[in-house]
Amino acid sequence: MDDLKSKYLGLIAAAADEAAIEDVRLGALGKKGEISLKMRELGGMSPEERQVAGPALNALKDEINSALAAKKAALADTALDERLRGEWLDVTLPARGRRTGTIHPISQVTEEVTAIFADMGFAVAEGPQIDSDWYNFDALNIPGHHPARAEMDTFYMHRAEGDNRPPHVLRTHTSPVQIRTMEKHGAPIRIIAPGRVYRADYDQTHTPMFHQVEGLAIDRDISMANLKWCLEEFVKAYFEVDHVDLRFRASHFPFTEPSAEVDIRCSWEGGTLKVGEGDDWLEILGSGMVHPKVLQNAGVDPNEWQGFAFGMGIDRIAMLKYGIPDLRAFFDSDLRWLRHYGFAALDVPTLHGGLSK
Ligand code: PHE
């Protein structure tokens, strides 16, 4: 009996599919199965013999039956797992029939900006979109009572009662990345930091989520003149023209001194936005020489290092380049708009291939 038991339990364990299990079942418990035949022998036994052999055979039969059922269930589980893996579906894929998507103008412009500044020796840095008020404000020389905090229409993250962590905000600009990268890499440094930023604001040229690219160049003798040259070179390369009118306006930011805002000549005539002509100016960036306190807060010695920073609106320069008069359309997810303004997936901007096609 023990031999039979170990033989069949072994065969069941080794069975690789349903057909193999069925073969084992027939071999043991089928009409001509080994155990069935033994059961039949019970009839020829003495009552005493039968009393011992009967229950033992029945117990063996039960044991083999439940081993068969367990093995069947295990095989079914494996089969289901495999099927689920094979039929896995990415439910975040677009559901529409059109197979190829397009590159959003904001992504395209971010690539263009990156290509141009990379050519001038700027690396790309990143920071979190949810940041502490230290990185977004204090480290940038914007203390708690400073009006710039109110002006920025900040989105504050909800804090549960008793949560003692520092307040966090949806970053209102990409400037916190200045602090984070200087902390990490020290000086000299030359980076741009493109990304999403958030402010509670909504009209033709403002949306609550928009995009900036921060620029930061710190070395021993960097000046406003270097800033001006970099920005002019950038604008010429980006708009693919030899001349663009830029207006540097004296301004104020807590984290730069002196500070300048830069506007670009444009026209809104006939509902289309055109760059380089007309009597209007569109502000595209804030800039200046990094304030010594900001360097200090990021662990860089202001007696040794100095440099410029700027924060440019990616959406603004995208509107200008592609003649898109309303910023809000960028984020409406209107398929007709995306098809009209979108870029082919392989249209990667490079300086040799040209930025636009
Ligand atoms: N962070 C500023 C803004 O969002 C722009 C800026 C960046 C100004 C760097 C000066 C230097 O308005």
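Some observations on this one:
- The alpha-carbon atoms of region 76-224, seen along their principal axes, cover 68, 49, 38 angstrom, with the largest extent given first.
- With kT/(6 pi eta Rh) evaluated at 20 °C and eta = 1.002 mPa s, and Rh the Kirkwood radius from Cα pairs, region 230-357 diffuses with a coefficient of 127 µm²/s according to Stokes-Einstein.
- Rule-of-thumb Rg ratio for region 229-272 [Cα; 2.2 N^0.38 Å; N residues]: 1.42
- At an R0 of 30 angstrom, the distance between the Cβ atoms of LEU89 and ILE130 translates into a FRET efficiency of 0.45.
- Axis angle, to the nearest 10 degrees, between helix 224-239 and the longest C-alpha principal axis of the chain: 60 degrees.
- Using alpha-carbon coordinates, inclination of helix 18-29 to the longest axis of the chain, degrees: 20 degrees
- Shape box of region 5-124 [Cα atoms, principal axes, largest first, Å]: 101, 35, 17
- Under the criterion of Cα pairs below 8 Å and six or more residues apart, the relative contact order for the chain equals 17 percent.
- For region 2-85, carbon and sulfur atoms together expose 56% of the accessible surface, with a 1.4 angstrom probe and every protein chain in place.
- Exceeding the 22 Å Cα-Cα cut-off - candidates LYS184/LYS228; LYS184/LYS236; LYS38/LYS72; LYS7/LYS32: LYS184/LYS228; LYS184/LYS236; LYS38/LYS72
- A quarter of the convex hull surface defined by the alpha-carbon atoms of the chain gives 31.9 nm² as the mean projection.
- Computed from the alpha carbon positions, the gyration tensor of region 119-182 leads to an equivalent ellipsoid with semi-axes of 24, 14, 10 Å, biggest first.
- Ligands, DNA and RNA left out, the accessible area of region 105-341 computed with a 1.4 Å probe is 48% carbon and sulfur.
- Per residue value of the accessible surface for region 102-171 (all protein chains in place, 1.4 Å probe), Å²: 52 Å²
- Pairwise centroid distance, computed over Cα atoms, of region 269-344 with region 55-76, Å: 72 Å
- DSSP beta bridge pairing in region 105-341, given as percent antiparallel to the nearest 5: 95 percent
The values are calculated or read from the model by the stated rules, or taken from the named source; none is laboratory data. Treat the numbers as computed from the prediction; the structure is a model and nothing was measured. Methodologically, a virtual Cβ is constructed for each residue, glycine included, from the backbone with ideal geometry; neighbour enumeration extends over all protein chains shown. Accessible surface areas use protein heavy atoms only, side chains included; no ligands, DNA or RNA. Shrake-Rupley method; radii C 1.70, N 1.55, O 1.52, S 1.80 Å.
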